[in-house]
Amino acid sequence: MKLSDKATAHILVKDTTNSEWDNCGFAIVHLSEEWKKEQQKRLEMVKPFAEDYNFQSLNYYDTAVEFYRTDESDQPDIDELLTDKEWAFVEFGTEEQEAFAVPENRLDCYRLVVYRNGNAIYKAYGKHTSEEFWTEEFDLNTLCNPIAEETELEKFCRERFKHLSNAQLVARVNSLPDFGWDDEGVELQRRRRISNGAFDYAFKGNTMVVLKDEKL
């Protein structure tokens, strides 16, 4: 298994469990074209709640995920593969995925949990134990809309703000009058899109806040 800089048919994502005797270490999500179309519909469903801080999530039954655990030699080394990322596109060798070890629990009731910011997690439950297994968050917008070639405006904004960190760029937005930060907004969207879930932001009232920035 190796990471890919380009969009592939699978992502590797970190996961965990509340089981005291079983374990897991990573999950593989299968990204078929049908799956992407379905997620686009679900993203539309959460759009009306984008600024509703009382909204928690929408849940859908969805089985496009497999949960795995590392073997006795702690392979594959997920921390080494993902480093500071929560997920990444991956490619497999022939029959490589079939060789991965699975949890002792027989998993059931797979579901996809979609949050108002477009992020999601997968959950599953032990059929006979009800123990929970869940992934870290991943960005449905990025998965359903693979990174396109930069526009001329994005190239301009990237060059203009390259000296600013994510936090500094957000602070700059908050210092400007309403609707006076079009270029800054373009650059923030570009950075979030290419971050593989490592950078995210949102508005709380009239203030933009950083929700996640794992590359500071």
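Evaluated against (1) part of a helix (DSSP H, G or I); (2) touching a residue at least 24 places away in the same chain (Cβ under 8 Å); (3) loosely packed, with under 14 Cβ neighbours inside 10 Å, LEU81 falls short on exactly one condition, (3). Could you go through segment 196-216 and let me know if any residue there is within 18 Å of the chain's Cα centre (by Cα), more than 24 Å from PHE49 (Cα to Cα) and of a type in the set (Val, Ile, Thr). Looking through segment 196-216, none of the residues is within 18 Å of the chain's Cα centre (by Cα), more than 24 Å from PHE49 (Cα to Cα) and of a type in the set (Val, Ile, Thr).
Residues checked against (1) exposed (fewer than 12 other Cβ atoms within 10 Å of the Cβ); (2) without any contact (Cβ under 8 Å) to a residue 24 or more places away in the chain; (3) farther than 25 Å from LEU12 by Cα:
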position: HIS128; (1), (2), (3): yes, yes, yes
position: GLU136; (1), (2), (3): no, no, no
position: LYS162; (1), (2), (3): yes, yes, yes
position: ALA167; (1), (2), (3): no, no, yes
position: VAL173; (1), (2), (3): no, no, yes
position: GLY180; (1), (2), (3): yes, yes, yes
position: ASP183; (1), (2), (3): no, no, yes
position: ARG193; (1), (2), (3): no, no, no
position: ASN206; (1), (2), (3): yes, no, yes
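Just to be sure, is ARG69 among the charged types (D, E, K, R), over 29 Å from ASN23 (Cα atoms) and touching an Asp or Glu at 6+ places or on another chain (Cβ under 9 Å)? No; evaluated as a whole, the condition is false for this residue.
Here are some conditions: (1) over 24 Å from LYS85 (Cα atoms); (2) touching a residue at least 40 places away in the same chain (Cβ under 8 Å); (3) of a type outside the set (Ser, Thr, Tyr). GLU38 meets all but one. Which one does it not meet? Here GLU38 meets the rest and fails (2).
Every number here is computed from the coordinates shown, using simple stated rules; none is lab data. In this text the structure is predicted, and so the values were computed from the model without any measurement. Cβ sites come from the backbone with ideal geometry, for glycine too, and all protein chains shown count toward neighbours.
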